[in-house]
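Visitor: Just dropping this structure here.
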Amino acid sequence: MREESGRPFLPPPARLSGDAVTRYLDQWILAIDDLTDRAHGIHQALRQGRDVTDMLPAETPYPLPLELAQAIGATIAPDLS
């Protein structure tokens, strides 16, 4: 992939430098799990036409201020409190 500038697209971690690299590696990454078998199982189930809802991880809405959610077109989750 390339950015509009023609430069190769790099994910945000590849653009970090200095202290941010240390924080990213030591503080921001909590775990790395190999999900290959899970992904293969989901793929196989989809190819068989099965419902994979229960195979997917639960999603937790990320709380955003209303103004920001509207500005970026995010779905606004109902207040569950």
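A short reminder: the numbers here are calculations on the coordinates, not readings from a lab. None of these values were measured; they are calculated from a predicted model. When we count neighbours, we look across all protein chains shown, and the Cβ atoms used for this are built from the backbone with ideal geometry, even at glycine.
Visitor: To the nearest 0.05, what FRET efficiency results for residue 67 and residue 23 with a Förster distance of 22 Å applied to their C-beta separation?
Guide: That pair, residue 67 with residue 23, gives E of 0.20.
Visitor: So how much slack lies between residue 51 and residue 35, counting 0.36 nm per residue of separation and subtracting their Cα-Cα distance, in nm?
Guide: Between residue 51 and residue 35, full extension yields an extra 3.9 nm.
Visitor: What is the ratio of the Cα radius of gyration of the range 37-81 to 2.2 N^0.38 Å, with N the residue count, to two decimals?
Guide: Dividing the Cα radius of gyration by 2.2 N^0.38 Å gives 1.69.
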